[in-house]
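Data block below; observations after.
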Amino acid sequence: MFASLIGRYERFGIHLGLERVQSLLDLLGQPHRRVPVIHVAGTNGKGSVCAYLSSVLTMAGYRVGRYTSPHLTDWTERICINEQPIDAATLTQHLLDLEAILASTQGVPTQFEVLTALTWQYFAQQQVDIAVIEVGLGGRLDATNVCDQPLVSVITSISRDHWQRLGPTLADIAQEKAGVCKPHCPVVVGPLPPEAKAVVQAKIEELQCPAQWTQPARRVDRPAMATAGLSLDWAAAEGLVFPLHLLGEMQLTNGAVAIAVLQTLRSQGWQISDAAIQQGMANTHWPGRLQWVHWQQQPLLIDGAHNAAAALALRQYVDSLQPSRVHWLMGMLSSKDHGDILRIVLRSGDTLSLMPVPDHSSADERTLAKLARTICPGLARCQCFPSLALALEDAVTLSEQPAPLRVLCGSLYLVGQYLKTYPPTV
């Protein structure tokens, strides 16, 4: 029921700006002012950082709200308390209550603005101790950017994505993301390209924000005090050693950013023990990003890889596995930089299956196939399929030996469709 109700607002599109959401929050009694907030922006990595922070703070004994987007399989994933998604009936009732208020107002907010206002109200009613809020798009004019005094503002990374709305250059995009910085409030920033770093540095200096510029954590040997339950890769940053449950080299950066945020909270008086950090980092889950699943008893790696930076992170992980060859299953939205993504992931000898991303503005798979052959003439095969199911059937029936590494990527919406259609067994 909720999907059909919230779907009515989709026709109002994306309109960046704070006026509508601020008016809506005023009608709700400004619930966002009753919730201490960590505000997380960035091109890539912000979801992982939110997942790390939510898991650790939950382990530290706090009541933790987490708001992220997009969802993979269900709207309830976006709004969690202590890692548990909001109940579907509760989510629907909150929307109905909100619509009763909207009926007496002029102007209609966007879908994301409605969901954001609903989230603030829910977290305030549930009296969360702290909320980890992920920016939806950009930062400066994003509907989440209504908190005047965040505990910490975070910029995980900046690369070229959503340039149609945020601007064509890294400096333009950085200017938008730096909008989450607030006067005199702490800021944690991940490694940035020089063009973007200069813009963010100028904003931090203008607002006199205490800033921490992080570097990737370094891998370390498993500590002697680690228990059997923490038999994961270990890293060190900010004087702490911690396990990394999420895969990929980029988690050294995301983990370091999360640790820097937690250290900032500690300096503000939040009680977060080293043990809570280690256990919380070990417990972190963030589906759909470098996740191994099985389809018809065959291993399959799934990852969004929806922009160039994310595609590079995926390619680096794939290279670390040293596969003999890779079978890519890909679909992309029409708004993405298709050439950049294909150029990063494809290698001679690879095979490529292309398909549409259902229920979204999808890039034409035949056009993608032509582009892929131009970028990588050495592809062993490039074929189009009308659906994910048919592409998967084809991928497992090929009699290549040894079997290739199979990777489904190109869009979080496509990954979400896979997880919804073929839920992994625990």
Residues of the range 284-315 that turn out to be under 25 Å from residue 85 (Cα atoms), at pLDDT 95 or above, not hydrophobic (A, V, I, L, M, F, W, C) and not in a loop (DSSP other than H, G, I, E, B), as a count: 1
So if I check each of 353, 334, which one is over 19 Å from residue 318 (Cα atoms), free of Cβ contacts under 8 Å to residues at least 60 places away in the same chain, touching a strand residue (DSSP E or B) at 6+ places or on another chain (Cβ under 9 Å) and outside the structural domain of residue 78 (by TED's automatic domain parsing)? 334
Across the range 30-48, what is the total count of residues that are closer than 28 Å to residue 305 by Cα and basic (Lys, Arg)? 1
Working only within the range 333-347, note down all residues that are modelled with pLDDT of 95 or more and part of a loop (DSSP other than H, G, I, E, B). 346, 347
Checking residue 67 against (1) without any contact (Cβ under 8 Å) to a residue 40 or more places away in the chain; (2) hydroxyl-bearing (Ser, Thr, Tyr); (3) crowded, with 20+ Cβ neighbours inside 10 Å: exactly one of these is not met. Which one? (1)
For the range 315-327, name all the residues that are surrounded by 13 or more Cβ atoms within 10 Å (Cβ to Cβ) and more than 17 Å from residue 289 (Cβ to Cβ). 323, 325, 326, 327
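Take the residues of the range 328-341 that are surrounded by fewer than 24 Cβ atoms within 10 Å (Cβ to Cβ) and of a type outside the set (Asp, Glu): which is farthest from residue 414 (Cα to Cα)? Quick ask: steps written out before the conclusion?
Initially, the range 328-341 is screened for residues surrounded by fewer than 24 Cβ atoms within 10 Å (Cβ to Cβ), giving 333-340.
With the extra rule that they be of a type outside the set (Asp, Glu), the set shrinks to 333-336, 338-339.
Numbers: 333: 9, 334: 13, 335: 15, 336: 14, 338: 15, 339: 18 Å.
Ranking the candidates gives 339 first.
Consider the range 354-387. How many of its residues are over 17 Å from residue 339 (Cβ atoms) and either of a type in the set (A, V, I, L, M, F, W, C) or surrounded by fewer than 17 Cβ atoms within 10 Å (Cβ to Cβ) (or both)?
Restricting attention to the range 354-387, the residues satisfying the condition of being over 17 Å from residue 339 (Cβ atoms) are 355-361, 380-381, 383-387.
Next cut, either of a type in the set (A, V, I, L, M, F, W, C) or surrounded by fewer than 17 Cβ atoms within 10 Å (Cβ to Cβ) (or both) only: 355, 357-361, 380-381, 383-387.
Number satisfying all stated conditions: 13.
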Residue selected from the range 166-186 under the condition surrounded by fewer than 23 Cβ atoms within 10 Å (Cβ to Cβ), part of a helix (DSSP H, G or I) and of a type outside the set (A, V, I, L, M), by the criterion modelled with the highest pLDDT: 179
Can you tell me which residue in the range 91-114 is nearest to the chain's Cα centre (by Cα), limited to those that are of a type outside the set (A, V, I, L, M) and surrounded by 15 or more Cβ atoms within 10 Å (Cβ to Cβ)? 112
Examine the range 35-51 for a residue that is more than 30 Å from residue 312 (Cα to Cα), touching a Gly at 6+ places or on another chain (Cβ under 8 Å) and assigned by TED's automatic domain parsing to the domain that holds residue 250, and state whether such a residue exists. yes
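The values are calculated or read from the model by the stated rules, or taken from the named source; none is laboratory data. On a predicted model such as this, the values are computed, not experimentally measured, just so you know. Neighbour counts run over all protein chains shown; Cβ positions are idealised from the backbone, glycine included.
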